[in-house]
Amino acid sequence: MLFGGDNADAALVVILHSRRHTLMSSVVVLVVDDDPDSRTLLELALSLEGYVTLAASNGAEALKISGRCHPDVILLDLAMPVMDGFAFRAAQVRDPELADIPVICVSGRHDAVEAARGLQLAGCVGKPFALDEIVARVRDITEMTARN
C-alpha cells in the first residue's frame, strides 16, 4: 500500500485498524524524504516486497505519524525543510515511545555516513541508492528485531 501526502491522516486510520485486525504480522516502514520522487520510489519498492509503507515529507510530519502508528523501521533523509533528519532523530530518541524504532539514513549528502555517525542509526545508504540494498537492509533489521 502507498500512503502519503494529503491522505496521510486517512491512511493512518486504515493502517491502525488493519494492523490491529488483519495485518498484525506486516512490517510497517515509514519513508521520510522531502523529494517526492525518492519517496514514491522507495514506497513502491517496499510495497512490492510486501511491506506496508507510510510517508512523510519532513521530520515534523514523521514524528506525528510515528507517534500515531509506531512503524517498525524508518527510512530517513537528513536534508529536509521544516525539520531535518538530525532534529527528527534527536526528538525521536528523547521520546521513550519512539526511541526503539530502528532508523536507516538515506541521504544525498556527500558526507552522509560521516554526518550520521553520531546519530546511532541502524544503517546509512547514500543517494543514488540501489533499491535492492534498501530492501535488504530493511529485511535484515526486521528479521533481527523479530528474533529478539
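The values are calculated or read from the model by the stated rules, or taken from the named source; none is laboratory data. Just so we're clear, the structure is a prediction, and the values are computed from it rather than from any experiment. Cβ placement follows ideal geometry from the backbone for every residue including glycine, while neighbour counts extend to all protein chains displayed.
Summary of computed values
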{"read-out": "Matching residues in the range 39-67 - criterion: being farther than 17 Å from V103 by Cα and in contact (Cβ under 8 Å) with a residue 24 or more places away in the chain", "value": "T40, L41, L44, A45, S47, E49, G50"}
{"read-out": "Qualifying position, being over 17 Å from V29 (Cα atoms) and either surrounded by 16 or more Cβ atoms within 10 Å (Cβ to Cβ) or within 15 Å of the chain's Cα centre (by Cα) (or both), among D84, D72", "value": "D84"}
{"read-out": "Within the range 68-146, strands (runs of 3 or more DSSP E) holding 1 or more residues that are free of Cβ contacts under 8 Å to residues at least 40 places away in the same chain", "value": "103-107, 123-126"}
{"read-out": "Which listed residue is under 26 Å from A146 (Cβ atoms) and modelled with pLDDT under 90, from V14, V28", "value": "V14"}
